[in-house]
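Here is the structure we will look at, set down as structure tokens.
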Amino acid sequence: MAGKIPPPIPTAKGVRSAADTFLSEQIDRSIQTPELKLPQHVARSKPDDITYQSLLLREDDTVRGLMRSLRDFGAVRISGHGILTEDLRFALANSDRIFTVQCCHSYGDHEQIDWPGDDHRIAQEAVVALGVQNYQIFRQKMDNATIELEGIAKELANVIATCKYKNSIELGGSKLRIYRYHRANIIDRNSSIFTETSQESVPYALSLHLFLDPGEFCLETSSGLVSFETKPESLVLTTGNEFEVMGLGEINSAEGKYMHNPFLKTGRSSFSLRQIWTVSKLNHDPVISLWDQILILFAIVLIYKFFSYIFY
């Protein structure tokens, strides 16, 4: 008989009709869950990771990633830099007594040396602490690391200055810092890293952090705290407020703190290096606008036609 209702279908909790099942299936097929995508600035929760070789080649994606990451975080991660971090770690582990020299400062969870370079008095202290041969090896490793970090910093400064602002930057003085972490240093994410590191902070433009052990790096940016894991050989660039003072566009500044993973079984220390640069000079190269180029070309054509008319 037309319009006959299908008999109920027994279920675990009662009965429902076959018509209800058919209707439910039709509704399920008609519902399409929209694909939800977070805005790019929200989806990106940590600084970009760029390769140094791509930076040297000035690849467009790498340059864009660098500038975007400095705008959003005031930091960028760099891989493939070629610095032999295992050699540095071995040299520091074998020169542990270097942290007894006068230029070593203790901050509770870590110790820091502002490596003096050519300071004769500190060099004599280091020789006494390490012995002549060990000091010479240690000094050579630190000098090599300084040279390599300096080369990377110059490349980064050139890219930052030229890719958008048509300027060139001359880096000024630099300072190498050596860190030893001897126990877990857990950061309260409700506290201020700026407050915790105020004793160590100096005005700077560029800072390269070279990590020799696994851990976590925590950044305090204008948007809040950002943290990410680091590996041995991890290199992180942070930009200081000197760039903001010079008015270099949208580059932000950030302050960071390394949280090492303690080696519970061996009890060994963790190490990292940080080199800081100021800016000596910002050279404003002359830039000819497109309109000026058109006018110059038009003037050249007129002059050419004028002399052609006179002599021919």
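Observations, loosely collected:
- Within the stretch 202-238, the set of residues being outside any strand (DSSP E or B) and either surrounded by fewer than 14 Cβ atoms within 10 Å (Cβ to Cβ) or touching a Lys or Arg at 6+ places or on another chain (Cβ under 6 Å) (or both) comprises VAL202, PRO203, LEU212, PRO214, SER222, SER223, LYS231.
- Looking only at the stretch 271-299, residues that are under 30 Å from SER69 (Cβ atoms), hydrophobic (A, V, I, L, M, F, W, C) and modelled with pLDDT of 75 or more come to 5 in all.
- Filtered by the rule that a residue be in contact with a strand residue (DSSP E or B) (Cβ under 8 Å, 6 or more places away or on another chain) and of a type in the set (Lys, Arg), the stretch 103-134 gives no residues.
- Filter pass, GLU111 being part of a helix (DSSP H, G or I) and in contact (Cβ under 8 Å) with a residue 24 or more places away in the chain: no
- Hits in the stretch 117-129 - residues which are within 17 Å of ASN144 (Cβ to Cβ) and not in a helix (DSSP H, G or I): GLY117, ASP118
- Residue that is surrounded by the fewest Cβ atoms within 10 Å (Cβ to Cβ), among those in the stretch 41-97 that are under 27 Å from ARG268 (Cβ atoms) and of a type in the set (Ser, Thr, Tyr): SER79
- Within the stretch 251-270, the residues that satisfy the criterion of being at pLDDT 65 or above, in a strand (DSSP E or B) and farther than 17 Å from SER69 by Cβ are LYS257, TYR258, MET259, SER270.
- The set of residues in the stretch 98-132 that are among the charged types (D, E, K, R) and at pLDDT 85 or above comprises GLU111, ASP114, ARG121, GLU125.
- Residue list for the stretch 203-220, filter: in contact (Cβ under 8 Å) with a residue 60 or more places away in the chain and either of a type in the set (Lys, Arg) or under 18 Å from SER234 (Cβ atoms) (or both): LEU206, SER207, LEU208, HIS209, LEU210, PHE211, LEU212, ASP213, LEU219
- Output for the stretch 62-108, where each listed residue is within 23 Å of the chain's Cα centre (by Cα), on the phi < 0 side of the Ramachandran plot and in a loop (DSSP other than H, G, I, E, B): PHE73, HIS81, ILE83, LEU84
- Among residues of the stretch 216-250, those that are modelled with pLDDT of 75 or more and either touching a Leu at 6+ places or on another chain (Cβ under 9 Å) or within 18 Å of GLU86 (Cα to Cα) (or both), counted: 18
- Pair list, Cβ under 9 Å, 6 or more apart: the stretch 135-159 residue free of Cβ contacts under 8 Å to residues at least 60 places away in the same chain and surrounded by fewer than 21 Cβ atoms within 10 Å (Cβ to Cβ), other residue in a helix (DSSP H, G or I) and of a type in the set (Asp, Glu): LYS141/ASP87; ASN144/ASP87
The values are calculated or read from the model by the stated rules, or taken from the named source; none is laboratory data. Worth saying up front: this structure is predicted, and the values here are computed from it rather than measured. With ideal geometry, Cβ positions are generated from the backbone for all residues, glycine too; neighbour counts draw on all protein chains shown.
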